[in-house]
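Colleague: Below is a structure I'd like to ask you about.
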Amino acid sequence: MNKVWGPNCNIDFDMIDMRDLKKVRAQFKPNTKMVLAESPTNPTMKCTDLKELAKLCKEKKALLVIDNTFMSPVLQNPIALGADVVMHSITKYIGGHSDVVAGCLCFNDGDLYDKLFFNMKSMGTSIAPFDAYLALRGSKTMKLRVEQASKSALEIA
């Protein structure tokens, strides 16, 4: 982020341990517009209190974006916890068959969705129809696969 977005787009990033919300609060600057978090993190499994982080972001008028790839929509719904945007790697649990490379964003605000959708259409960054088919195919068995993986992991643990 600091090597690509910083110098090319004049965006500053701070890397923070999101488990300590006091540290997160202390890192807010007057120009902070967005907080990006992953919970649990991959591969270290560090967890953030997303509900409290969402409250802090709302207080500071910053968007909260959550990478929910590791949990999948089956195990966690960050929008319900207060996130503004949730991203998923369709390549992982949603696709489920190791045959599609894609991602998705989910929004809690129609206006924000409209702005980003316009940019996506203008830049041509949408998914190919066949890849969309593969993602949809995988999504139909996602709940079953995630629940079985969780059950198996608990048994092994």
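The values are calculated or read from the model by the stated rules, or taken from the named source; none is laboratory data. Because the structure is a prediction, the values reported are computed rather than measured. Because the Cβ atoms are built from the backbone with ideal geometry, glycine has one as well, and the counts that use them run over all protein chains shown.
Colleague: Go through the range 1-32 and give me each residue that's assigned to a loop (DSSP other than H, G, I, E, B), within 16 Å of D49 (Cβ to Cβ) and β-branched (V, I, T).
Modeller: Passing the criteria: only I16.
Colleague: Can we say V35 is among the β-branched types (V, I, T), free of Cβ contacts under 8 Å to residues at least 24 places away in the same chain and in contact with a strand residue (DSSP E or B) (Cβ under 6 Å, 6 or more places away or on another chain)?
Modeller: No.
Colleague: Tally up the residues in the range 40-63 that are out of contact with any strand residue (DSSP E or B) (no Cβ under 7 Å at 6 or more places or on another chain) and either of a type in the set (S, T, Y) or over 15 Å from I79 (Cβ atoms) (or both), please.
Modeller: Residues meeting the conditions: 14.
Colleague: Another question, if that's okay. Please find, within the range 61-87, the residue that is modelled with the highest pLDDT out of those that are over 17 Å from K46 (Cβ atoms) and among the polar types (S, T, N, Q).
Modeller: Only one residue tops the list, namely N77.
Colleague: Also: Return yes when V74 is farther than 28 Å from K33 by Cβ and in a loop (DSSP other than H, G, I, E, B) and no when it is not.
Modeller: no
Colleague: State all residues of the range 72-86 that are touching a strand residue (DSSP E or B) at 6+ places or on another chain (Cβ under 9 Å), surrounded by fewer than 22 Cβ atoms within 10 Å (Cβ to Cβ) and either over 19 Å from D49 (Cβ atoms) or of a type in the set (G, A, S) (or both); if no residue qualifies, say none.
Modeller: S72, P73, G82
Colleague: Moving on. Has the range 58-71 got at least one residue that is of a type outside the set (S, T, Y), over 15 Å from L36 (Cα atoms) and buried (at least 16 other Cβ atoms within 10 Å of the Cβ)?
Modeller: Looking for residues that are of a type outside the set (S, T, Y), over 15 Å from L36 (Cα atoms) and buried (at least 16 other Cβ atoms within 10 Å of the Cβ), one finds at least one in the range 58-71, hence yes.
Colleague: May I ask you to say which residue of K92, K55 is among the basic types (K, R) and either within 15 Å of the chain's Cα centre (by Cα) or at pLDDT below 95 (or both)?
Modeller: Going through K92, K55 in turn, just one is among the basic types (K, R) and either within 15 Å of the chain's Cα centre (by Cα) or at pLDDT below 95 (or both): K92.
Colleague: If you don't mind, there's one more thing I want to ask. I need every pair where a residue in the range 81-95 that is without any contact (Cβ under 8 Å) to a residue 24 or more places away in the chain has its Cβ under 7 Å from the Cβ of a residue that is in a strand (DSSP E or B) and aliphatic (A, V, I, L, M), sequence separation at least 6 or different chains.
Modeller: From the range 81-95, the pairs are V86/I66; M87/V65; M87/L105.
Colleague: Considering only residues of the range 113-146 that are in contact (Cβ under 8 Å) with a residue 40 or more places away in the chain and surrounded by 14 or more Cβ atoms within 10 Å (Cβ to Cβ), which is nearest to I90 (Cα to Cα)?
Modeller: A135
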